[in-house]
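Undergrad: I have a structure here, written as structure tokens, and I will follow up with some questions on it.
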Protein chains: 2
Amino acid sequence: MYKLYDFLPSGNGYKVRLLLTQLGIPFERIEMNILKGETRTPEFLKKNPNGRIPVLEIQPNVYLSESNAILFFLSDGTEFFPQESYQRAKVMQWLFFEQYSHEPNIATVRFWITELEKEEEYKSTIEQKRKLGYAALEVMENHLSSHTFFVGEKYSIVDIGLFAYTHVAEEGGFNLSRFPAIQAWIDRVKSQPNHIQITDNI
Amino acid sequence: MYKLYDFLPSGNGYKVRLLLTQLGIPFERIEMNILKGETRTPEFLKKNPNGRIPVLEIQPNVYLSESNAILFFLSDGTEFFPQESYQRAKVMQWLFFEQYSHEPNIATVRFWITELEKEEEYKSTIEQKRKLGYAALEVMENHLSSHTFFVGEKYSIVDIGLFAYTHVAEEGGFNLSRFPAIQAWIDRVKSQPNHIQITDNI
């Protein structure tokens with residue numbers, strides 16, 4: 001059985017939990033307290049030398065890290081990843097957008113506020129990241145204003161990847177009321193079969 | 001013929017130029033001066049709403065952005081991308097590592113110093129990014145100390161992806177003499193058939 005090294009509040013971990021559940025693949029979740037440095041121990045660094053969760057243990061001592069790479073691994077050949085080459089590349093385009101332009105701004109601010117409780121201390125950096133995070137949300141809003149899902153008008157791992165931190169962006173102080181197309185898409189993602197919540201400790 | 005919207009000093013653009021050349025695929029390169037805002041015009045934002053190069057125009061008005069997604073699109077089914085599912089996922093793992101842990105630190109510092117010429121102004125941020133950039137280089141050095149290439153002991157798009165900004169890291173003040181395995185890998189990448197340099201205006 002797959003083992004998932006995870007941290008429950010993590011959107012990156014949630015992506016993998018959500019896809020595994022929707023694929024009907026059983027897995028064992030192993031909670032790592034990243035606030036206590038549990039992903040920086042010599043033992044964990046053997047699993048992921050970059051010291052981050054999620055890490056999927058596919059077989060004993062065979063590891064895969066980077067949430068969006070795990071989504072690709074689990075979904076290729078399933079209904080959650082397209083077959084046509086341009087659509088496949090567009091899924092990747094949005095997943096790289098997520099890790100470069102979205103997560104470092106939206107997820108990071110949420111983490112600083114809800115986990116580290118350093119909203120005051122990091123105030124000026126948070127302001128810069130809010131601006132970049134809103135720019136990423138604008139790109140999404142623009143796309144979703146004429147599409148039901150990100151690629152091929154069909155729910156796929158790119159929706160899982162972008163949903164994870166978008167639907168909890170307000171925990172980082174982002175106001176989603178300005179983004180009606182994103183809000184409607186969030187509802188569509190939540191209505192998919194076997195949807196679970198980020199707080200579900202499965 | 002493919003059109004590549006590009007900026008010659010960009011490592012992200014170079015990745016695509018290098019792979020297209022090694023695949024023997026002809027393309028037209030269209031230089032965009034990002035320093036003059038040429039990727040933020042309404043016309044360019046129709047090609048990539050995120051306002052960045054590289055963008056590959058596959059057919060008239062059919063666009064793909066995000067350098068590593070373009071690498072995936074061009075290489076899948078060729079010798080530059082593996083066929084086995086775990087190896088495919090490991091390529092993606094390292095490409096997401098590149099965009100999350102490597103490029104935002106190593107490439108950004110190089111850009112600020114060589115293009116914006118703001119080494120003094122951005123001094124404290126550069127110090128933070130140097131630390132994170134060196135951590136990414138340590139992860140690479142550790143891996144390359146027992147591997148000839150990143151995945152499957154074979155040159156692939158992950159080597160192209162990580163080579164692009166690593167081999168010019170010294171332009172951003174990173175000292176590569178501490179990383180002998182990276183230096184040897186750089187030489188191996190440079191010795192691949194049809195290698196071109198980042199400065200080659202092809």
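Undergrad: For peptide B:84-93, what's the mean number of Cβ atoms from other chains within 10 Å of each residue's Cβ? Before the final figure, lay out the partial values.
TA: Details: counts 0, 6, 5, 0, 4, 12, 6, 2, 12, 12.
The shielding value for this peptide is 6.
Undergrad: Follow-up. Give me the net charge for the shell around B:Arg29: Cβ to Cβ below 10 angstrom, other residues only, Lys and Arg +1, Asp and Glu -1.
TA: Values: positive: B:Lys3, B:Arg17; negative: B:Asp6, B:Glu28, B:Glu31.
Computed value for this residue: -1.
Undergrad: Mind giving me the nanometre distance, one decimal, between the label points for B:Gln197 and A:Asn61, set 7 Å out from Cα along Cα→Cβ?
TA: According to this spin-label approximation, the distance is 4.5 nm.
Undergrad: In nanometres, what is the gap between the two model label sites at A:Lys36 and A:Lys190, each 7 Å from Cα along Cα-to-Cβ?
TA: The modelled label-to-label distance comes out at 3.3 nm.
Undergrad: While we're looking at this one, here's another question. Sorting B:Tyr155, A:Tyr86 by accessible area (1.4 Å probe), largest first, what list results?
TA: Values: B:Tyr155 15, A:Tyr86 60 Å².
From most accessible down to least: A:Tyr86, B:Tyr155.
Undergrad: Taking only protein heavy atoms and a 1.4 Å probe, what accessible area per residue, in Å², does chain A have with all protein chains in place? Spell out each step's value before the answer.
TA: On the way: 8690 Å² over 202 residues.
Value for chain A: 43 Å² per residue.
Undergrad: Starting from a label point 7 Å past Cα on the Cβ side, list the distances from A:Met1 to the same position in the other copies, nm, shortest first.
TA: Those label-point separations list as 5.8 nm.
Undergrad: Run the helix sum for chain B: -39,500 (n - 2.57) per DSSP H stretch of 4+ residues, divided by residue count, reported at 222 nm to the nearest 500 deg cm²/dmol.
TA: On the way: 8 runs with 92 residues, N = 202.
Here the helix-only value at 222 nm equals -14000 deg cm²/dmol.
Undergrad: Only Cα pairs within less than 10 Å get springs; with that Gaussian network setup on chain B, which residue of B:Thr148, B:Thr78, B:Thr21 has the largest fluctuation?
TA: The residue with the greatest mean-square fluctuation here is B:Thr78.
Undergrad: Further question on the same structure: Give me the dipole magnitude in Debye, nearest 20, for chain A about the Cα centre, with unit charges on the beta carbon: positive for Lys and Arg, negative for Asp and Glu.
TA: On the way: 21 positive and 26 negative charges, 48 e Å.
It works out to roughly 240 debye.
Undergrad: Would the protein assembly as shown count as rounded, prolate or oblate if I go by the C-alpha gyration tensor, calling it rounded below 1.5 in a/c and otherwise prolate when a/b exceeds b/c, oblate otherwise?
TA: On the way: a/c = 1.25, a/b = 1.18, b/c = 1.06.
Rounded, because the longest to shortest axis ratio a/c is under 1.5.
Undergrad: Once you keep just the Cα pairs under 8 angstrom separated by 6 or more residues, what percentage relative contact order results for chain A? List each step's numbers first, then the result.
TA: Numbers: 255 pairs, mean separation 49.7, N = 202.
Over chain A, the number comes to 25 percent.
Undergrad: Nm distances between the label at B:Arg178 and the same-position labels in the remaining copies, 7 Å along Cα→Cβ, shortest first?
TA: 4.0
Undergrad: Starting at the first residue of the stretch A:184-197, write each ³J(HN,Hα) from the Karplus equation 6.51 cos²θ - 1.76 cosθ + 1.60 with θ = phi - 60°, in whole Hz, x for Gly and Pro.
TA: Coupling constants for the stretch A:184-197: 5, 5, 4, 4, 5, 5, 5, 8, 5, x, 6, 5, 10, 8 Hz.
Undergrad: What's the extension gain from A:Leu23 to A:Glu153 if we count 0.36 nm per residue and subtract their Cα-Cα distance? Kindly include the intermediate steps, with their values, before the conclusion.
TA: On the way: separation 130, 0.36 × 130 = 46.80 nm, distance 1.94 nm.
Gain in length upon complete extension: 44.9 nm.
Undergrad: Provide a whole-number value for the mean count of partner chain Cβ atoms within 10 Å of the Cβ atoms in peptide B:69-76. Each step should come with its number before you reach the end.
TA: Values: counts 10, 4, 2, 8, 7, 2, 0, 4.
For this peptide, the per-residue mean of nearby foreign Cβ atoms is 5.
Undergrad: Under 23 Å Cα-Cα from A:Lys90, which lysines qualify once same-chain neighbours fewer than 8 residues away are excluded?
TA: Reachable lysines: A:Lys15, A:Lys154, A:Lys190, B:Lys3, B:Lys15, B:Lys46, B:Lys47, B:Lys90.
Undergrad: Once you compute Rg and the Kirkwood Rh from C-alpha atoms, what is the Rg to Rh ratio for the stretch A:85-190? Working shown, then result.
TA: Numbers: Rg = 13.9 Å, Rh = 14.0 Å.
Rg/Rh for the stretch A:85-190 comes to 0.99.
Undergrad: Which FRET efficiency value, to the nearest 0.05, is calculated for A:Ser177 and A:Thr78 with the Förster distance at 35 angstrom and r the Cβ-Cβ distance? Could you put the intermediate results ahead of the total?
TA: Details: r = 35 Å, r/R0 = 0.99.
Between A:Ser177 and A:Thr78 the formula returns 0.50.
Undergrad: Still on this structure, I have one more. Please state the charge dipole magnitude for the protein assembly as shown, taken about the Cα centre, from unit charges on C-beta atoms (+1 on K and R, -1 on D and E), reported in debye and rounded to the nearest 20. Each step should come with its number before you reach the end.
TA: On the way: 42 positive and 52 negative charges, 21 e Å.
Value, rounded to 20: 100 debye.
Undergrad: In addition: The stretch B:1-125: D in µm²/s via Stokes-Einstein (Kirkwood Rh, Cα pairs, 25 °C, 0.890 mPa s)?
TA: On the way: Rh = 15.8 Å.
Using the Kirkwood radius from Cα pairs, D works out to 156 µm²/s.
Undergrad: Using a label point 7 angstrom from Cα along Cα-to-C-beta, what distances in nm, from shortest up, separate B:Leu35 from the other copies?
TA: Shortest to longest, the spacings are 4.6 nm.
Undergrad: With unit charges on the beta carbons (Lys and Arg positive, Asp and Glu negative) and the dipole taken about the Cα centre of chain A, which residue among A:Gly51, A:Pro180, A:Ala107 sits farthest to the positive side?
TA: Of the candidates, A:Gly51 comes out farthest on the positive side.
Undergrad: Taking the axis about which chain A rotates onto chain B, which residue of A lies nearest it as judged by Cβ position, and how many whole Å separate them?
TA: Minimum Cβ distance to the axis, with residue: A:Gln99, 3.
Undergrad: Determine, for each peptide in A:97-103, B:44-50, A:87-93, the mean count of other beta carbons within 10 angstrom over its residues, then list the peptides with the highest first. Before the final figure, lay out the partial values.
TA: Details: A:97-103: 24.9, B:44-50: 16.6, A:87-93: 23.1.
Highest mean packing first, the order is A:97-103, A:87-93, B:44-50.
Undergrad: Relative contact order (percent) for the stretch B:2-75, with alpha-carbon contacts under 8 angstrom and 6 or more residues of separation?
TA: Numbers: 104 pairs, mean separation 27.5, N = 74.
It comes to 37 percent, rounded to a whole number.
Undergrad: If you wrap a convex hull around the Cα atoms of the stretch A:2-75, how much volume per residue is inside, in Å³?
TA: Working: hull volume 5.7 nm³, N = 74.
Spread over its residues, the Cα hull of the stretch A:2-75 gives 76 Å³ apiece.
Undergrad: What is the dipole size for the stretch B:85-190, taken about its Cα centre, with +1 at each Lys and Arg Cβ and -1 at each Asp and Glu Cβ, in debye to the nearest 20? Could you put the intermediate results ahead of the total?
TA: Details: 12 positive and 15 negative charges, 83 e Å.
Using Cβ point charges on Lys, Arg, Asp and Glu, the stretch B:85-190 gives about 400 debye.
Undergrad: What percentage of the solvent-accessible surface of chain B, computed with a 1.4 Å probe over protein heavy atoms, is contributed by carbon and sulfur atoms?
TA: Values: 4250 of 8730 Å².
The value for chain B is 49 percent carbon and sulfur by accessible area.
The values are calculated or read from the model by the stated rules, or taken from the named source; none is laboratory data. Small disclaimer: the values here were computed from a predicted structure and weren't measured. For neighbour counting, all protein chains shown are included, and Cβ atoms are generated from backbone atoms with ideal geometry for every residue, glycine included. The area values use the complete protein model at the heavy-atom level, side chains included, leaving out ligands, DNA and RNA. Shrake-Rupley method; radii C 1.70, N 1.55, O 1.52, S 1.80 Å.
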